[in-house]
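The values are calculated or read from the model by the stated rules, or taken from the named source; none is laboratory data. For clarity, every value in this text was computed on a predicted model and none was experimentally measured. Here the Cβ positions follow ideal geometry from the backbone for every residue, glycine too, while neighbour counts run over all protein chains shown. Surface accessibility is based on the protein's heavy atoms, side chains included, excluding ligands, DNA and RNA. Shrake-Rupley method; radii C 1.70, N 1.55, O 1.52, S 1.80 Å.
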Amino acid sequence: MWKWLHPYAKGEATYRLLGLWQPWLSGLALIFVTVGLVWGLFYAPPDYQQGDSYRIIFIHVPSAMFSMGAYTGMAIAALIALVWQIRTAEWAIAAIAPVGATLTFVALFTGAVWGKPMWGTWWEWDARLTSQLILLFLYIGVLALYYAFNDARTGAKAAAILALVGVINVPIIHFSVYWWNSLHQGATITKFEKPSMPPEMLIPLLISIAGFLFLTAALITQRLRNEILKQELHRPWAMEKLGVEANDGV
Amino acid sequence: MSVVIEAKQLTSVRAGRTLFSALSLQLGAGEILHVEGPNGAGKSTLLRIIAGLLQPLEGEVWLFGQPQQHDPELWQRQTLFIGHKPAVKAELTALENLHFQTQLDGANNVDAWQLLETVGLLGLEDIPAQQLSAGQQRRIALARLWYSQAKLWILDEPFTALDTYGIELLHQRFQQHLENGGSLLLTSHQPLTWSGERLQKIRIEHNDEELVYE
Amino acid sequence: MNKASSWQLLSAVMRRDLAVALRRRSDVINPLLFVVIVVTLFPLAVGPGPDVLGRIATGVIWVAALLSSLLGSERLFRDDFLDGNLEQLVLSPAPLPFLALGKIVVHWLLSGLPLVILAPVCALLLKLPFEAWGTLMLTLLVGTPMLSAMTAVGAALTVSLGRGGALLSLLLLPLFIPLLIFAAAAVESTLVGTSAYGQVLLLAGLMLLTLTLAPLAVAAAIRVSVN
């Protein structure tokens with residue numbers, strides 16, 4: 001029996017560790033997101049040019065930031081998974097990708113909604129929106145590849161390679177799209193680059209950004225815990241967690 | 001007797017199913033190890049792990065007293081793996097297949113015609129491999145054994161599709177290989193004709209989720 | 001492994017791939033015919049006026065090239081995977097990324113290079129002004145090796161799936177975007193009378209980067225796929 005313990009400790013230890021963080025991250029996410037959004041949406045002053053429609057930045061900016069951040073995080077997990085063959089890192093890819101894809105979608109959606117009052121159209125080939133759209137495709141590719149294989153391990157490794165190829169390409173795609181946009185754009189409206197934001201807008205934005213950071217971390221942590229449990233289901237500790245009668249050794 | 005290959009506490013899980021766990025084996029120079037078991041038991045997986053194509057979930061494989069990762073090149077030079085798939089190009093003729101195979105194995109001094117004669121394919125040299133029978137294709141694949149310098153041969157079902165003469169030929173070649181101090185790891189559903197202290201057997205079997213090693 | 005014998009293995013892999021491809025000419029020719037047919041469809045769809053066609057010509061030719069490279073991607077590793085040669089490549093003493101580069105080069109010789117040669121025909125059909133033909137061919141010459149290398153990464157990742165076609169396009173097309181943007185911009189700047197030097201140089205830089213890194217990704221993907 002003892003020889004089972006050593007290799008199993010890793011998944012179980014990670015599960016426990018994440019379990020310690022989970023309530024803190026969730027609590028902080030709840031507090032910061034609530035404060036940031038309530039402040040931003042109801043109490044911050046309206047913009048002198050855009051009126052109330054600018055308020056979407058309290059969702060758009062943080063989700064756009066962490067959609068990119070999550071991709072980088074996923075690529076780091078992929079590198080660890082490939083170089084050190086650590087299975088928890090493989091599962092982290094599956095844990096991060098849907099969260100990142102959702103953030104990207106939220107950023108894309110809020111960006112498009114913002115476009116309506118700003119440009120009078122739901123979709124504008126703006127550099128930021130376009131690269132968010134491509135980022136969404138990259139996420140979907142990683143997810144599709146991850147789940148395309150019968151053997152979970154093979155799928156995880158293939159997705160890890162793709163995530164690394166993707167992360168090398170992201171800056172190139174980003175650059176090319178911005179460059180392309182500068183070629184084709186007529187009258188430029190840079191809605192995002194405000195010269196200086198007054199503190200009564202900036203502070204709730206920063207709080208909201210912090211809130212989204214905690215939210216992203218909490219979601220990834222919970223998803224990773226679920227993934228560990230799912231993958232280790234054949235091991236005794238995972239069965240105990242789920243209250244399944246553990247058959248010895250199987 | 002010097003140990004050629006040693007597998008230590010191998011565990012393999014494929015698609016959520018444990019094929020074998022804590023499996024250990026040892027094979028010395030001049031020895032043959034016959035891996036037995038029903039279909040799907042994990043024989044091929046074991047062979048592929050030892051060949052270095054697959055990573056086991058746990059455990060490691062040592063060659064000449066060194067772990068696999070230590071010197072991959074030594075590994076690749078000293079082992080020869082022929083799997084289920086014959087690695088024969090269907091579009092190319094028997095002769096072309098042998099010609100390219102010798103080059104891929106770095107055996108420049110080997111005459112492809114000579115090899116063709118050895119495995120009994122003379123006269124069929126300019127027919128594309130896809131028009132040859134399964135047994136003839138396997139002969140093309142197995143022709144590598146006649147020039148291989150590798151100490152360890154890992155053969156997955158080498159006798160499949162061969163006729164009696166082909167099987168006899170292969171047995172003779174195995175005998176030479178073992179007498180030269182080579183080792184042989186193989187799976188086969190066919191009983192091996194020779195016996196003796198050189199032949200070891202290992203059996204992988206699923207028996208109520210318990211694994212049996214003999 | 002000394003260098004000489006690695007080169008020898010590379011040469012054997014490449015010559016065998018070429019020999020196989022010459023026995024299966026339709027696999028080589030069909031993706032090229034696909035490009036010509038797609039190019040033919042556009043004038044029928046948007047009308048044959050040179051003002052419209054000339055403007056979209058580069059984009060159409062490049063998009064057709066991207067799609068045809070997906071069509072021809074199976075040839076890269078599928079047969080090798082099915083007949084067991086891919087696992088023998090993994091077990092070969094030569095470095096796998098090196099052999100992967102060889103396969104990429106052969107694939108380019110049979111898919112990218114013919115496309116460069118075919119480009120004037122497409123340019124003629126789409127009424128691309130003559131002064132831009134040179135730039136178009138140059139972008140294809142510099143861009144198609146990148147296309148072959150990236151396609152090889154995708155093909156190696158999906159080779160064991162058997163039904164990888166649609167998935168492959170999902171994985172690869174977003175990665176082709178910079179190539180499309182810079183290639184189209186190069187031709188565009190020739191058309192408006194400025195130099196395309198910068199864009200072509202940029203493409204060349206991307207090509208070198210891709211040809212350096214892609215073989216590593218292909219090798220890693222092959223190791224995963226032979227599992």
* With solvent modelled as a 1.4 Å probe, how much accessible area in total do chains C and A shield from it at their shared surface, in Å² to the nearest 100? -> 2200
* Once you charge only the Cβ atoms, +1 for Lys and Arg and -1 for Asp and Glu, what is the size of the charge dipole of the protein assembly as shown about its Cα centre, to the nearest 20 debye? -> 900
* To do: Could you work out the relative contact order of chain B, using alpha carbon pairs under 8 angstrom and six or more residues apart, expressed as a whole percent?
  => 29
* To do: Name the residues of region C:133-169, by number, that are at least 30 Å² less accessible with every protein chain in place than in the isolated chain; the surface is that of heavy atoms, probe 1.4 Å, without ligands or nucleic acids.
  => C:LEU157, C:LEU161, C:LEU167
* For region B:92-101, what does the Karplus curve 6.51 cos²θ - 1.76 cosθ + 1.60, with θ = phi - 60°, yield as ³J(HN,Hα) per residue in whole Hz, taken in order and with x for Gly and Pro? -> 9, 6, 4, 5, 5, 4, 5, 4, 5, 4
* To do: Within chain A, what's the longest run with no GluC sites (Glu not before Pro) in a DSSP loop and at most 14 other beta-carbon atoms within 10 Å? Give the range, please.
  => A:1-192
* **Sequence of C:ILE61, C:ILE177 when ordered by accessible area, the most exposed leading, probe 1.4 angstrom** => C:ILE177, C:ILE61
* Asked: Amide H to amide H, which residues 5 or more places from B:PHE81 or on other chains are under 5 Å from it, using H placed in the peptide plane?
  -> B:ILE154
* At a probe size of 1.4 Å, how large is the accessible area of A:PHE42, to the nearest 10 Å²? -> 150
* Using a Gaussian network model of chain B with C-alpha springs under 10 Å, which one of B:LEU178, B:LEU170, B:LEU25 is most mobile by mean-square fluctuation? -> B:LEU25
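Which order do C:ASP79, B:ASP163 take by accessible area at a 1.4 Å probe, largest first?
Working: C:ASP79 50, B:ASP163 80 Å².
Correct descending sequence by accessible area is B:ASP163, C:ASP79.
Report the net charge of residues surrounding C:LEU96, where surrounding means a beta-carbon distance below 13 angstrom and charges are Lys +1, Arg +1, Asp -1, Glu -1. Intermediate results must be reported in sequence, preceding the final value.
Numbers: positive: C:LYS103, C:ARG223; negative: B:GLU73, C:ASP80, C:GLU87.
Computed value for this residue: -1.
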* Structure fact -> Probe 1.4 Å, heavy atoms of protein chains only: per residue, the accessible area of region C:7-226 in Å² is 38
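Mind ranking B:VAL4, A:VAL38 by accessible surface for me, highest first, 1.4 Å probe?
My answer, sorted largest first, is A:VAL38, B:VAL4.
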* Asked: What net charge is computed for the residues neighbouring A:LEU219, neighbours being all others with C-beta under 13 Å from the C-beta of A:LEU219, Lys and Arg scored +1, Asp and Glu -1?
  -> +1
* Calculate how many DSSP beta bridges within chain B are antiparallel, expressed in % of all such bridges and rounded to the nearest 5. => 50
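Pull out a ≥ b ≥ c, the square roots of the eigenvalues of the alpha-carbon gyration tensor of the protein assembly as shown, then state rounded if a/c is under 1.5, prolate if not and a/b is larger than b/c, and oblate in the remaining case.
Working: a/c = 3.03, a/b = 1.36, b/c = 2.22.
Oblate is the answer for the protein assembly as shown, as a/c is 1.5 or above yet b/c matches or exceeds a/b.
Can you give me the % of accessible surface on the protein assembly as shown that is carbon or sulfur? Probe 1.4 Å, all protein chains present, nothing else counted. If you can, show how the numbers build up before the last one.
On the way: 19260 of 30390 Å².
Solvent-exposed carbon and sulfur of the protein assembly as shown make up 63 percent of the total.
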* For chain C, what's the relative contact order in percent, using C-alpha pairs closer than 8 Å and at least 6 residues apart? -> 26
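C:ALA204 to C:ALA19: FRET efficiency via 1/(1 + (r/R0)^6), r the Cβ-Cβ distance, R0 30 Å, to the nearest 0.05? Walk me through the numbers on the way to the answer.
Working: r = 31 Å, r/R0 = 1.03.
Result of the calculation: an efficiency of 0.45.
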* Of B:LYS85/B:LYS201; B:LYS43/B:LYS89; B:LYS89/B:LYS201; A:LYS10/A:LYS157; A:LYS157/B:LYS43, which sit over 28 Å apart, Cα to Cα? -> B:LYS89/B:LYS201
* **Dipole of the protein assembly as shown, positive end: most advanced residue of C:ILE61, A:LEU233, B:ASN39 [Cβ charges, Cα centre]** => C:ILE61
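Given a 1.4 Å probe, how much area per residue of region B:7-69 is accessible, in Å²?
Working: 2200 Å² over 63 residues.
About 35 Å² of surface per residue is accessible.
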* Under 16 Å from the Cα of B:LYS151, which aspartates and glutamates turn up, not counting those fewer than eight places away in the same chain? -> B:GLU6, B:GLU31, B:ASP71, B:GLU73, B:ASP105, B:GLU179
* Structure fact -> Candidates C:ALA217, C:ALA196, C:ALA19; GNM for chain C (alpha-carbon contacts under 10 Å) flags as most fluctuating C:ALA19
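All other residues with a Cβ under 15 Å from the Cβ of C:PRO129 taken together, and with Lys, Arg as +1 and Asp, Glu as -1, what is their net charge? Let's see the in-between values first.
Working: positive: C:ARG55, C:LYS127; negative: C:ASP51, C:GLU131, C:GLU188.
Residues near C:PRO129 contribute -1 overall.
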